[in-house]
Structures are given as C-alpha cells and as structure tokens.
1. Less than 11 Å Cβ to Cβ from Phe123, Lys/Arg counted +1 and Asp/Glu -1: what total charge do the surrounding residues give?
2. Residue by residue through the range 179-184, what is 3J(HN,Hα) from phi via Karplus (6.51 cos²θ - 1.76 cosθ + 1.60, θ = phi - 60°)? Round to whole Hz and write x for glycine and proline.
3. What does the accessible area of Ser91 come to, in Å² to the nearest 10, when a probe of 1.4 Å is used?
4. Express the accessible area of the range 237-299 per residue in Å², computed with a 1.4 Å probe while the remaining protein chains stay in the model.
5. Spelling out what I want: for every residue of the range 199-204, take phi, set θ = phi - 60°, compute 6.51 cos²θ - 1.76 cosθ + 1.60 (Karplus), and round to whole Hz; glycine and proline get x.
6. Dipole of the chain, Cα-centred, from +1 at each Lys and Arg C-beta and -1 at each Asp and Glu C-beta, to the nearest 20 debye?
7. Which residue, Val77, Asn64, Leu131, has the largest displacement toward the positive end of the dipole of the chain when charges sit on each Cβ (Lys, Arg +1; Asp, Glu -1)?
8. Express the relative contact order of the range 191-263 as a whole percentage, based on alpha carbon pairs under 8 Å and six or more residues apart in sequence.
Amino acid sequence: MSAKIIDGKEFAANVRAQVAKHVTRLKNDHDITPGLAVVLVGEDPASQVYVRNKHKSTIEVGMNSFEHRLDADTSEVDLLALIDQLNNDPSVHGILCQLPLPEHLNEELVINSIIPEKDVDGFHISNVGLLGTGQRSMVPCTPLGCLMMLRDHHGSLSGLNAVVVGRSNIVGKPMANLLLKDSCTVTIAHSRTKDIESICRAADIVVAAVGRPEMITGDWIGEGATVIDVGINRIPHPEKEGKSKLVGDVHFESAAAKAGAITPVPGGVGPMTIACLLANTLTACSRANGLDEPEGLTA
Ligand code: GUN
C-alpha cells in the first residue's frame with residue numbers, strides 16, 4: 001500500500017485561514033478582537049523562536065498579540081502578579097506562559113495561576129480534569145491538531161482501535177482522552193508495555209509521542225492504518241558528515257509502506273500546534289463573550 005501523506009503545513013494554513021475568517025466576523029459584527037498574551041521568562045533560544053513565531057501567526061490572523069518578556073531572574077511573586085493582571089484584563093482572552101521556566105520558578109504553580117478559561121495551553125489542572133471527564137474544556141494544542149487531522153481523514157472515529165504510544169501530560173494522556181471522547185477504543189502504550197509491536201499492529205490509528213527517534217518501524221504498523229507522528233528529534237545526518245536531520249518517532253519510509261495515511265516529519269503535526277493555539281484563543285474569546293464556538297476548531 002502506498003500511504004496518503006497528510007500535509008500538516010497545508011492543513012495548518014487552512015485552520016489559520018478559518019480562524020482569520022472568524023476573527024474578521026468578530027470584529028465586524030461584535031467589535032471584538034481576540035487577544036493572546038504570551039509570557040516568556042529568560043532567554044532560552046528555542047523558546048525565543050517559538051514565541052516569535054506565535055507572535056507573527058497571531059498578528060497574521062488579525063488577533064492582538066501581547067508579548068511579555070521577563071528577565072531570567074524574575075521572582076515568582078512578580079510573575080504571578082503579571083498573570084493576575086492578564087487574568088483580569090478583558091482584552092486578553094488567552095494566556096500562554098512559555099515552558100520551560102527557569103529552575104527557581106514552580107511550573108505547576110504558575111500554570112495553575114492562569115484562570116482555566118484563558119488557559120489556551122489546556123495545562124491547568126481544571127482543564128485536565130474536565131477533559132478527563134469528557135466535559136467542555138480548553139484542550140492542549142498538539143493533541144487537538146492530531147484530532148483535527150484524524151477527523152478529517154476518517155470522518156467518524158467511532159469504534160476505531162487507537163494506540164497512543166507515550167504517556168506524557170502534554171500529548172499522550174490528553175490525546176488518549178480526546179480519542180476516547182470520539183468513541184475510539186484506546187490503548188496507551190509506553191516503555192513498560194509488553195508486546196508493544198503487536199498492540200500497535202492491531203490498531204487502526206497509531207499516535208506516536210515518545211520522543212525516541214524512528215522507534216516505530218513498518219513492521220509495527222497494520223496494513224492501511226493511520227499513523228500520526230508527534231515526535232521531533234534531531235539526529236546526526238546519516239549521509240552528510242557534521243550535519244543533522246529532523247526525524248519523528250516513526251521510521252517514515254517503512255511505516256509509509258504499510259500505512260493508509262501518515263504524517264511526515266517535518267511538515268506533519270508540527271505546524272498544527274500554533275494553528276491550534278490560535279483556534280483555542282478564538283474559542284476562549286467566543287466563550288468569554290457568550291458567542292457560539294467556532295465549528296470544526298474545537299474538540
Ligand atoms: N514549550 C514548548 N512547547 C510548549 C507549549 O506547547 N506550551 C508552552 N506553554 N510552552 C511550550
């Protein structure tokens with residue numbers, strides 16, 4: 001079988017275009033502009049790139065972007081005071097505190113200080129609990145992006161066997177809960193799972209989120225299955241000395257030979273994360289104003 005390549009770049013561009021259309025309508029019909037506040041503490045180079053990209057994408061869809069860059073030695077009291085101010089600012093509908101935080105700051109405390117309604121990362125313990133009990137919540141961006149791609153490919157996910165490889169709080173667990181909410185039969189597999197290969201081989205859907213380069217090979221994949229690769233791993237380039245290469249958690253060539261559809265790395269799940277952050281900000285803004293949620297952009 002030759003797999004359909006799910007183009008995440010194109011999919012994310014489409015999500016951003018839909019968000020932009022909703023933003024225009026909110027502005028024209030209700031005089032509301034959704035606003036996203038991003039807080040960055042310190043100068044971690046990767047975080048600076050992420051924050052810059054988020055700012056650019058937020059502006060491009062017509063939203064307000066509020067960037068707050070704080071020194072690496074900012075005290076917890078000062079950071080919490082800023083979050084309190086953003087929680088109470090009606091022009092801010094979504095708040096994201098870029099992780100990782102410097103070591104002296106308590107990540108859990110900071111995340112849970114963002115009010116759940118503005119927690120566009122979906123990391124607040126209330127949102128985790130709401131999703132776990134199948135209730136309306138804010139949903140973590142990467143799993144939401146995976147869900148959108150799966151729904152687009154399959155239509156209904158009801159009754160499908162899904163295996164999520166990886167049990168992180170940011171991807172694996174929320175992904176499993178989202179698939180369960182869409183009536184999949186869900187298995188969470190991880191480093192201690194016995195006979196993980198057979199479990200994956202029996203699945204209609206495999207979501208790989210383990211952070212181990214090319215761990216899942218074609219012989220783990222059932223004929224015609226859908227493979228969503230969340231992994232982004234930099235490895236030494238096999239042919240070009242001194243160069244590196246980005247690969248997923250799935251060995252693409254061998255898995256693509258068995259799968260019905262597969263996301264590549266790069267250009268698969270990656271671009272969906274920021275697109276879903278914008279979708280979440282739009283959802284938070286719609287809810288805050290008692291308006292209908294944007295169809296197709298929520299869980
Ligand atoms: N750092 C890397 N990815 C993320 C993310 O999705 N959200 C936040 N807040 N920080 C991150």
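1. Values: positive: none; negative: Glu107, Glu108, Asp119, Asp121.
Neighbour charge sum, excluding Phe123 itself: -4.
2. With the stated coefficients, the range 179-184 comes to 5, 5, 4, 8, 6, 7 Hz.
3. Approximately 50 Å² of Ser91 is accessible to the 1.4 Å probe.
4. Values: 2630 Å² over 63 residues.
Ligands and nucleic acids excluded, the figure is 42 Å² per residue.
5. With the stated coefficients, the range 199-204 comes to 4, 5, 4, 8, 8, 7 Hz.
6. Values: 26 positive and 36 negative charges, 145 e Å.
With Lys and Arg at +1 and Asp and Glu at -1, about 700 debye.
7. It is Leu131.
8. Numbers: 154 pairs, mean separation 25.6, N = 73.
Relative contact order, the range 191-263: 35 percent.
The values are calculated or read from the model by the stated rules, or taken from the named source; none is laboratory data. Everything numeric here is computed off the predicted structure, so don't read it as measured data. Backbone-built Cβ (ideal geometry, glycine too); neighbour counts: all protein chains shown. All accessible areas refer to the heavy atoms of the entire protein, side chains included, with ligands and DNA or RNA removed. Shrake-Rupley method; radii C 1.70, N 1.55, O 1.52, S 1.80 Å.
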